[in-house]
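Worksheet: one structure, shown below.
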Amino acid sequence: MIYFARGSLDDNLSPADLEQGLKTAFERLGARKRVVLVPPDITRLHSRAGEMACCAWRHYGQRISDVLPALGTHTPMTPAQIDRMYPGIPHDLFRVHDWREGVETLGRVPADYVREVSEGA
């Protein structure tokens, strides 16, 4: 289930390369009505995840309903951190990941079903 692959030991993706690769992957995923982004928080600034989230925002636009930075045990991101890592994505889309109190079990997905739909991955 690979939607885009490129690289070698001496290949570095430019911002344009990254955007084009993500666009290719998004197109292979097909049309989406609603998208939720779950990127890392500011502690992973240099991962280029912020850049990828911004690419997703440019591609999906208003179809992105929420951005939920995966904080782990870290504190919520400040507006300045959001601007630094996710420039251009509206602040009102960001949700705080309250991992201690905000988790509610809605149901369970059987392991057999996950194996089937993920082709064993």
* Structure fact -> Contact order relative to length for the chain, counting C-alpha pairs under 8 Å separated by 6 or more residues, stands in percent at 23
* **Estimated inter-spin distance, Leu9 and Glu27, nm [label 7 Å along Cα→Cβ]** => 3.3
* To do: Treat the count of other C-beta atoms within 10 Å as a stand-in for reagent exposure and order Leu29, Leu13 from fewest to most.
  => Leu29, Leu13
* Asked: When N is the residue count of the chain, what does its C-alpha Rg come to as a fraction of 2.2 N^0.38 Å?
  -> 1.19
* Asked: How would you rank Ser47, Ser118, going from fewest to most other Cβ atoms within 10 Å of each one's own Cβ?
  -> Ser118, Ser47
* To do: Using just the helices of the chain, give the 222 nm mean residue ellipticity in deg cm²/dmol: DSSP H runs with n ≥ 4 each add -39,500 (n - 2.57), and the total is spread over all residues, rounded to 500.
  => -10000 deg cm²/dmol
* To do: May I ask you to list the GluC sites (Glu not before Pro) in segment 1-101 that are in a DSSP loop and have at most 13 other Cβ atoms within 10 Å of their Cβ?
  => Glu101
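Could you compute the net charge surrounding Ile2? Neighbours are other residues with a C-beta less than 13 Å from the C-beta of Ile2; K and R count +1, D and E count -1.
Combined, the nearby Lys, Arg, Asp and Glu give +1.
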* Got a sec? How would Tyr113, Tyr60, Tyr86 order by Cβ neighbour count within 10 Å, fewest to most? -> Tyr113, Tyr60, Tyr86
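Coordinate-derived values only; no laboratory data. Because the structure is predicted, anything quoted here is derived from the model rather than measured. Heads up, the Cβs are rebuilt from the backbone with ideal geometry, glycines too, and the neighbour counts pull from every protein chain shown.
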